[in-house]
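Contents: one structure, followed by commentary.
What follows draws every value from the coordinates through simple rules; no lab data is involved. Here the structure is a predicted model, which is why all the values come from computation and not from measurement. Because the Cβ atoms are built from the backbone with ideal geometry, glycine has one as well, and the counts that use them run over all protein chains shown.
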Amino acid sequence: MRFFLAAIIFVLVVAGCGGPQPKVMRYTNQTFSPTDHVEILRTSIPDRQYIEIAEISIKVKKGNKKSAATLLSEKAAKLGADALLLMGERSVGAVAIPVGEMVFAKPIREIYGIAIKYK
């Protein structure tokens, strides 16, 4: 039993070492060549026409909140985006953490944006 429990803990620790990776939900089947620079748009939608390529999101943890936009823009560049519309932060659920006879809920948050390609 101890070996089984140790194996589970080992797998969980190893899985968590890589850091958060951006998730992609594609909006189109079109593919584009990677770009060198992605403009990050926080408050305005561009006046130019564009195609929405994908929604990109990443889980927010204490240490990565400031670098989350950078990770999202790097992923957008790989998809061939010209710009990233940062949409904000949202809740995607919670994890229940048992402590004695009580249970605490730790919210899971993510930052997300829409990768776009100008026409």
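Remarks
- As a proxy for reagent exposure, ranking 87, 25, 102 by other Cβ atoms within 10 Å from fewest up yields 102, 25, 87.
- Extension gain (nm, one decimal) between residue 87 and residue 102, 0.36 nm per residue minus Cα-Cα: 1.9 nm
- Taking each of 62/117; 62/106; 75/106 in turn, the alpha-carbon distance tops 23 angstrom for 62/117; 75/106.
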